[in-house]
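First the structure, in the form of structure tokens, and then the observations on it.
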Amino acid sequence: TVLKAESHNSASGLSQAVKVDPAEHPILKWRWKVSNTLKTSDLRMKAGDDFPARIYVMFDYPLEKLSFGDRTKLRMARALHDPNLPAATLCYVWDGKAAAGTIVPSSYTNLMRMIVVESGVSRVNRWLEVERDVAADFRAAFGLQSSDDIPPVSAVAIATDTDNTGEVATAFFGDISFNKQKVSK
């Protein structure tokens, strides 16, 4: 099954609630393809926070592990916008400039980390299969030790986003699954 997402100076996404224990099923696997990268995007700035393709993994991170300031901000955001906002999120992106492997906090919230999985135009218009160890990525992105437990995954979302840059993008997403171990050879 494949989902086509188009964005014309807009942003949209589709999310699915899930319950996944990353200790049991740490490998997130998916396929994606984009029509183009964005010329004026910049993952470090709100004005450039757009990507032709994103995969969000949201975690049930315990509130008591957040700083007082982050807890307060999250409680207010939940009261004003959505009571199910996650306390921690990994966002895997296809960027046009930043090197694959780059990990930075979201320009909107310290509770989300952006991870560049694919970069540049060399593989545009080609289906790519991606496997990520969400437990290892969570530890690296949020500075946890290898012995720290990773919270359960509560949702997965996909998005195509060009509302800040005013550009146009088309992305295709397919076959998103959590696995016990890497499937690729």
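The values are calculated or read from the model by the stated rules, or taken from the named source; none is laboratory data. Predicted model only: the values in this text are computed from it and were never measured. Glycine also receives a Cβ, built like all others from the backbone with ideal geometry; neighbour counts cover every protein chain displayed. Heads up: the accessible areas ignore ligands, DNA and RNA and are worked out on the full protein's heavy atoms, side chains in. Shrake-Rupley method; radii C 1.70, N 1.55, O 1.52, S 1.80 Å.
Couple of notes before you dig in:
- Taking amide H as placed 1.01 Å from N in the peptide plane, residue 87 has its amide H under 5 Å from the amide H of 59, 61, each at least 5 places away in sequence or on another chain.
- Solvent exposure ordering (accessible area, 1.4 Å, most first) of 6, 131, 64: 64, 6, 131
- Chain lengthening between residue 21 and residue 177 when straightened (0.36 nm per residue, less Cα-Cα): 54.9 nm
- Heavy-atom accessible area ranking, 1.4 Å probe, most first, across 153, 20: 20, 153
- Segment 1-44 and segment 83-125 have Cα centres spaced 10 Å apart.
- A straight Cα-to-Cα reach below 29 Å connects residue 19 with the lysines 4, 29, 33, 65, 73, 180, 182, 185, residues fewer than 8 places away in its own chain not being considered.
- Helical runs assigned H by DSSP (4 residues or longer) give the chain a calculated mean residue ellipticity at 222 nm of -3500 deg cm²/dmol, each run adding -39500 (n - 2.57) before division by the residue total.
- Rounded to the nearest Hz, the phi-derived 3J(HN,Hα) couplings of segment 91-103 under the Karplus curve 6.51 cos²θ - 1.76 cosθ + 1.60 (θ = phi - 60°) are 10, 7, 10, 9, 10, x, 10, 5, 5, 4, x, 4, 10, where x marks glycine and proline.
- Rounded to the nearest 20 debye, the dipole size of the chain about its Cα centre is 220 debye, using +1 on the Cβ of Lys and Arg and -1 on the Cβ of Asp and Glu.
- DSSP beta bridges in segment 32-185 [antiparallel fraction, %, rounded to 5]: 75
- Fully extending the segment from residue 78 to residue 109, taken as 0.36 nm per residue of separation minus the present Cα-Cα distance, adds 9.8 nm.
- For segment 67-168: rounded, prolate or oblate by the Cα gyration tensor [a/c cutoff 1.5]: oblate
- Contact order relative to length of the chain, as percent, for alpha carbon pairs under 8 angstrom and 6 or more apart: 47
- Fraction in percent of alpha-carbon pairs per bin - 5 Å, segment 101-146: 5, 18, 24, 22, 15, 12, 4, 0
- Prolate/oblate/rounded call for segment 1-73, Cα gyration tensor, a/c under 1.5 rounded: oblate
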